[in-house]
Number of protein chains: 2
Amino acid sequence: MINRDVSPAVVARLSRYYRFLRALKEKGVERVSSAELASMMDLTASQIRQDLNCFGGFGQQGYGYNVEYLFGELRRLLGAEEGYTAVIVGAGNLGAALAHAQTFSRRGVTVTAMFDISPKLIGTRIGDLDVYHDDDFAAFYKKRPFDIAVLCVPKDAAQECADRLSALGVPAFWNFTGIEITVPDGCVVENVHLGDSLLTLSYKLKKRT
Amino acid sequence: MINRDVSPAVVARLSRYYRFLRALKEKGVERVSSAELASMMDLTASQIRQDLNCFGGFGQQGYGYNVEYLFGELRRLLGAEEGYTAVIVGAGNLGAALAHAQTFSRRGVTVTAMFDISPKLIGTRIGDLDVYHDDDFAAFYKKRPFDIAVLCVPKDAAQECADRLSALGVPAFWNFTGIEITVPDGCVVENVHLGDSLLTLSYKLKKRT
């Protein structure tokens, strides 16, 4: 049923639909029309119908979308029901902030550990998470393999960390390091370049004045 | 010289060029061809030429781009030389992580203060930044107006914070709250929805298997 060539832009929008539908669900809303969703999301109703058609529709003419059903379908399609696990590599400020956030649990991802190289941090707990040394990657992965490595290490350690982890078989990297890492074929990466986002804001601000 | 209708996708790529050119500059590289840049950035040379043509080119046939010159032009075009100032609203884990990051200074933005409502945090310093109470927004803004409010508050406080700050005249919002805020005409917003990024990764991982 799933169109296998969905564009990255559509996938990004599907993640956004997920967020809006979850909010509707939490408010107890049972159904929503494409026009209502469009107005909330600042998209056109036809854009929404087109996006959701890629995934088989889920809507019924004259009724709109059943919120719970569509949310569940998106959850499934986007992989939030796969029970993915993650570790956070780099227990500095950003790593710790992510460890405390609900970002993971709200998308079905369980964080199982943190890693760092600082003697001050190894053996401590951040939130509910034990902090291990990077040298324990292999031993940990053997006992408790994980799907996603969240890279919060300094730029100059980023590629080496990615190399070591992908060599163990880690298939996915959520990369906050600000540099673009190279991974073997078959691995997937999603970059969060906060600096690019700040510059985009700065451009919008400059254009405005 | 600037094409005033540059698409958001191009602006995002320009921020990425900025990052790669800075890295080249730091390595002492003086010039780069569109083919070399394309290979580094996983784009096509013609895509790069097309993007940079929107901004008047900067390249010379047979020479390529002068790294320092192009970096300087992008810096100027993207607003990194405007001397923008920012405050971080919400001094929790994420706010503190941003306060310690070089993300701002590397893009010409100076962070001048933090705000929170927790009595434990008011009056403390995080990194070099004093933490003030949200009730001091107006008094602070009057004395030291700022360009960007970095919203790191809980979801349910996001819109109210944006309302109070935009009413004072704050023109730009870098929004980490995970909900989409509404701002008056003339204000600009850049959203960082980490959850959307994680779901996109989860989708890629699911598709891979």
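The values are calculated or read from the model by the stated rules, or taken from the named source; none is laboratory data. Everything numeric in this text was worked out from a predicted model, so none of it was measured. A quick note on method: Cβ atoms are made from the backbone with ideal geometry, for glycine too, and the neighbour counts reach across all protein chains shown.
Against the conditions (1) touching an Asp or Glu at 6+ places or on another chain (Cβ under 8 Å); (2) surrounded by fewer than 20 Cβ atoms within 10 Å (Cβ to Cβ); (3) facing chain B (nearest Cβ under 8 Å), A:Arg164 satisfies every one except (3).
The single condition from (1) in a helix (DSSP H, G or I); (2) touching a Phe, Trp or Tyr at 6+ places or on another chain (Cβ under 7 Å); (3) more than 11 Å from chain B (Cβ to nearest Cβ) that A:Ala139 fails is (2). Here B:Val67 meets each of (1) in contact with a Leu (Cβ under 9 Å, 6 or more places away or on another chain); (2) closer than 23 Å to A:Val192 by Cα; (3) of a type in the set (Val, Ile, Thr) with one exception, condition (2). For the stretch B:164-198, enumerate the residues that are touching a Cys at 6+ places or on another chain (Cβ under 7 Å) and over 21 Å from B:Ala96 (Cα atoms). Of everything in the stretch B:164-198, those that are touching a Cys at 6+ places or on another chain (Cβ under 7 Å) and over 21 Å from B:Ala96 (Cα atoms) turn out to be B:Ser166, B:Pro171. With a requirement of 2 or more residues that are surrounded by fewer than 21 Cβ atoms within 10 Å (Cβ to Cβ) and outside the structural domain of B:Glu190 (by TED's automatic domain parsing), the strands (runs of 3 or more DSSP E) lying completely within the stretch B:29-124 that satisfy it span B:64-66. Total residues in the stretch A:182-209 satisfying the condition of being hydrophobic (A, V, I, L, M, F, W, C) and in contact with a strand residue (DSSP E or B) (Cβ under 6 Å, 6 or more places away or on another chain): the figure is 5. The criterion of being closer than 22 Å to B:Arg164 by Cβ, modelled with pLDDT of 95 or more and within 14 Å of chain A (Cβ to nearest Cβ) holds for B:Val111. From the list A:Val170, A:Val188, A:Val183, the one residue that fits, being at pLDDT 95 or above and at the interface with another protein chain (Cβ under 8 Å from one of its Cβ atoms), is A:Val188. Within the option set B:Gly62, B:Gly123, being over 25 Å from A:Ala97 (Cβ atoms) and out of contact with any Leu (no Cβ under 7 Å at 6 or more places or on another chain) holds for one residue only, B:Gly62. Among the residues of the stretch B:158-177, not a single one is closer than 24 Å to A:Lys155 by Cβ, aliphatic (A, V, I, L, M) and assigned to a loop (DSSP other than H, G, I, E, B). Listed by first and then second residue, the pairs with beta-carbon distance under 7 Å, at least 6 apart or on different chains, first residue in the stretch A:12-24 and facing chain B (nearest Cβ under 8 Å), second aliphatic (A, V, I, L, M) and not in a helix (DSSP H, G or I), are A:Leu14/A:Leu78; A:Ser15/A:Leu78; A:Tyr18/A:Leu78.
Apart from one condition, A:Ala158 fits all of (1) under 30 Å from B:Ala80 (Cα atoms); (2) at pLDDT below 95; (3) surrounded by 15 or more Cβ atoms within 10 Å (Cβ to Cβ); (4) under 22 Å from the mean Cα position of the chain (by Cα); the exception is (2). For the condition of a type in the set (Val, Ile, Thr), more than 22 Å from A:Val11 (Cα to Cα), more than 9 Å from chain B (Cβ to nearest Cβ) and touching a Phe, Trp or Tyr at 6+ places or on another chain (Cβ under 9 Å), A:Thr124 does not qualify.
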